[in-house]
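Just below is one structure, and these are the notes that go with it.
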Amino acid sequence: MIDLLIIRTLFVAVLACAAFFLHPFNLDGPVAAAVGAVVGGGVVLFEFRIRQVSLKKLIGAAFGSVLGILGAYLISLVLDHAVPNNTTTISFVDVALLAWMTYCGLVVGAAKGDMLNLAALGGLFGGEAGSKHSFKILDTSVIIDGRIADIVETGFVDGALVIPQFVLHELQLVADSSDSMKRNRGRRGLDVLHRIQKMPQLTIQIVEEDFPHVREVDMKLIELAKVYACKIVTNDFNLNKVAQLHGVEVLNINELANALKPVVLPGELMRVFILKEGKEYNQGVAYLDDGTMVVVDNARKMISKTIDIAVTSVLQTTAGKMIFGRFDDRVHAVHGAVHHAVAAKDNGGSVKDRPLPEQIPVPGAGA
């Protein structure tokens, strides 16, 4: 960023000095230098805009402008032979035709540039297009989440990870927040970035492209993904949906975590720890090691106990997976006896020599 700033400053200074000594349009030295500096600033602004344009649009615009200039030159030759006397009018018409044809070719070529197949034009353009598709942009939420570092460390993510400058700015604002919880989350995100940056098998690129006319960071990410034709890595549900509407591919960490969760079929038995009471009558709630919620019917009285349940159904939602089960005293007693027998055998003893685990009293049974 500093190198580019120095180069741009030198470019504007060179134009200002050249205008000061050459006096274009017969202007005085200071006025000419100011005009040169303004022209240099305009060129720098044009460079900002041109960097946000895709390669296809650049090729289309260049090809269209060349065709426009060629067409204007041929028309001017015809006009020079048709009206040889009125030189002032012909000169104006020539300039107007040149500007009109060049402008139309530039605009139309840029608009139709997305239809170009760069892979068919040669290995140079094809290789560049392929490398762009391997880019993956990280958003603020997935950096703070931290799981992306573990995924990268396993080698499932290749290519280059792109971190926009506006994402780093937002992360720094979170880290400098007066709220202690937000501050800790922001600092954890910075630690995750340092951890990823130290991984030798991965390339980290920090890009400066910004979109001042776009306020929301999510929309800036989508615009940047369009420019680089790459994917966004996030765990934000809303960003996922909006990006899909804009035709941008998204890699959702939450969807990956849900896909890796163990498959549980209705009718299977599983052992869970009832943590709290459920919303409905006589329900208990448990959680698996991966965070999956398990809602158990007839388990309200078993809070703070580990029990065996029978899975009744599995519900897959956009937020994750939920498992519904039912607690049965008889199933729990039989399953507990089997576990007791296996444990006794593993310890080298006899099942008869070891007492059975405490039986759970059945409601309504006599003392």
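So the values come out like this:
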quantity: Residue match in region 22-38 (condition: closer than 30 Å to A111 by Cα and free of Cβ contacts under 8 Å to residues at least 60 places away in the same chain); calculated: yes
quantity: Single condition V233 does not satisfy, out of (1) surrounded by 17 or more Cβ atoms within 10 Å (Cβ to Cβ); (2) more than 13 Å from D218 (Cα to Cα); calculated: (2)
quantity: Unique match (being more than 24 Å from V142 (Cβ to Cβ) and either free of Cβ contacts under 8 Å to residues at least 12 places away in the same chain or out of contact with any strand residue (DSSP E or B) (no Cβ under 6 Å at 6 or more places or on another chain) (or both)) among L256, L269, L265, L245; calculated: L265
quantity: Evaluation of V248 against (1) surrounded by 14 or more Cβ atoms within 10 Å (Cβ to Cβ); (2) aliphatic (A, V, I, L, M); (3) not in a loop (DSSP other than H, G, I, E, B) (one fails), failing number; calculated: (3)
quantity: Which listed residue is assigned to a helix (DSSP H, G or I), in contact with a Gly (Cβ under 7 Å, 6 or more places away or on another chain) and free of Cβ contacts under 8 Å to residues at least 60 places away in the same chain, from S65, S76; calculated: S65
quantity: Any hit, region 299-322, residues being outside any loop (DSSP other than H, G, I, E, B), modelled with pLDDT under 55 and surrounded by 13 or more Cβ atoms within 10 Å (Cβ to Cβ); calculated: no
quantity: Given (1) assigned to a helix (DSSP H, G or I); (2) within 19 Å of the chain's Cα centre (by Cα); (3) not hydroxyl-bearing (S, T, Y), number of the condition N184 does not satisfy; calculated: (2)
quantity: Top-ranked residue of region 218-243 - restricted to ones that are within 16 Å of V207 (Cα to Cα) and part of a strand (DSSP E or B), ranked as nearest to the chain's Cα centre (by Cα); calculated: I232
quantity: Candidates L288, L356 - the one that is within 45 Å of the chain's Cα centre (by Cα) and either over 25 Å from P262 (Cα atoms) or at pLDDT 85 or above (or both); calculated: L288
quantity: Per-region count, region 28-42, residues crowded, with 17+ Cβ neighbours inside 10 Å and within 10 Å of V12 (Cβ to Cβ); calculated: 3
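The values are calculated or read from the model by the stated rules, or taken from the named source; none is laboratory data. Worth saying up front: this structure is predicted, and the values here are computed from it rather than measured. Every residue, glycine as well, gets a Cβ built from its backbone with ideal geometry; the counts of neighbours run over all protein chains shown.
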